[in-house]
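No value in this document is a laboratory result; all are computed from the given coordinates. All of these numbers come straight from a predicted model, not from anything done at the bench. Don't worry about glycine lacking a Cβ; one is built from the backbone with ideal geometry, like all the others, and counts go over all protein chains shown.
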Amino acid sequence: MKKKLNKINSKVNLFLKKYIKNQNNTDLIKPIKYGLFPGGKKIRSKIIFDVGKIFNIKNKNLLYLSAAVECIHAYSLIHDDLPCMDDDDIRRGKPSVHKMYGESTAVLAGNSLLTLAFEILSDPDFDININKKIMLINLISQSSGHQGIAGGQYLDLNFEKKKVSKSKIIGMEIKKTGKLFSFSCAAPIILSSRKNKIKKFLVIGEKIGLLFQIADDAIDHSGSLKIAGKKTNKDSKRGKATLISLLGYKNAIIYNSNLKKEIFNKLKRYGSKADDLKETIEFILKRNK
């Protein structure tokens, strides 16, 4: 699994480095590259390639999708780490962007990465049907804004130190994390001729995102700085509303195990073509081990 992740990681990073190199050099390039590279494990990109395999999508086109997703993800992390948000000094085992370059530069670098994602998807060299291109840009916009990451982050901050219901926590985590996973699952299908499968994979993506968030919260609960790449045990200190804080660690892990079963059941009909996606889901669950 790690070899597969590393292979995709290398491909996506190379694509992004070439793409940025072809742009005009500005003073924001350094903090942009600092926040974007090496870029974590590329789990979202791996899922794009996994679903692409199920629906026989060309790797070249999957690279454009992955590059856009990684820009959105990097933007969200840069802003998430800011003192006005979750106030994290360490990200991916190194100082956060705002610790290296200052808060205002971090905001602008994050904004630039957000818009870079749309630039990549609208690039003329991404040679796909224009209607499909519009669908992709529309979906990634929904995944990133108030209906997705930004809206989820707002709720995450607003729920701190409050008694929050299970359904509200799930809704918040689907926005904050699940929507970008939804895009990662649905985007390759938009490139195919199987439009009738888009809704199904949007739901699968939400479930994978929720599973990922619970696994991430589990690392914060009982993992280490080495595994997380950032300080751990911060959720309980800030009074974060998570399924672990509501249900307890053991029950949240059981909930996650049941989520995995639901996802695997939905993937049954795709047989061995879905093996890579199942392997990625197993990897997400075992990251803290």
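Below is a table of values for the structure above.
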read-out: The range 2-285: C-alpha gyration tensor shape, a/c 1.5 cut-off, then a/b vs b/c; value: oblate
read-out: Per-pair calculated FRET efficiency, R0 = 45 Å: ASN22 and LYS234 via Cβ, rounded to 0.05; value: 0.70
read-out: Simple Cβ-charge dipole of the range 68-117, Lys/Arg +1 and Asp/Glu -1, about Cα centre, in debye nearest 20; value: 220
read-out: Proxy reagent accessibility, fewest Cβ within 10 Å first, across GLU173, GLU103; value: GLU103, GLU173
read-out: Cα gyration tensor, the range 118-175 - rounded (a/c under 1.5), prolate or oblate; value: prolate
read-out: Cβ-based exposure ranking for HIS79, HIS146, HIS221, HIS98, in which fewest neighbours within 10 Å come first; value: HIS146, HIS221, HIS79, HIS98
read-out: Relative contact order (percent, whole number), the chain, Cα cutoff 8 Å, 6+ residue spacing; value: 19
read-out: Pairwise label distance in nanometres, SER193 with ASN251, each label 7 Å out on the Cα-Cβ vector; value: 5.0
read-out: Shape of the range 34-159, Cα gyration tensor, a/c cut at 1.5; value: prolate
read-out: Cβ-based exposure ranking for TYR64, TYR255, TYR249, in which fewest neighbours within 10 Å come first; value: TYR249, TYR255, TYR64
read-out: Unit charges at the beta carbon, dipole of the chain: most positive-side option, MET135, VAL164, PHE181; value: PHE181
read-out: Distance between the range 73-120 and the range 145-205 - C-alpha centres, whole angstrom; value: 20
read-out: Distance (nanometres) between label positions extended 7 Å along Cα→Cβ at LYS166 and ASN59; value: 4.4
read-out: Within a Gaussian network of the chain (alpha carbon springs, distance under 10 Å), most fluctuating of ASN129, ASN233, ASN13; value: ASN129
read-out: The chain, dipole about Cα centre (Lys/Arg Cβ +1, Asp/Glu Cβ -1), debye to the nearest 20; value: 1180
read-out: In nm, spacing of pseudo-spin labels at PHE37 and GLU282 (7 Å Cα→C-beta vector); value: 3.3
read-out: Helical mean residue ellipticity (222 nm; -39500 (n - 2.57) per DSSP H run of 4+; nearest 500) of the chain; value: -21500 deg cm²/dmol
read-out: Long-range amide H partners of ARG91 with built H, under 5 Å; value: SER96
read-out: Charge-dipole axis of the range 2-285 as Lys and Arg at +1 and Asp and Glu at -1 on Cβ define it, positive-most pick from ILE43, ALA67, ASN25; value: ILE43
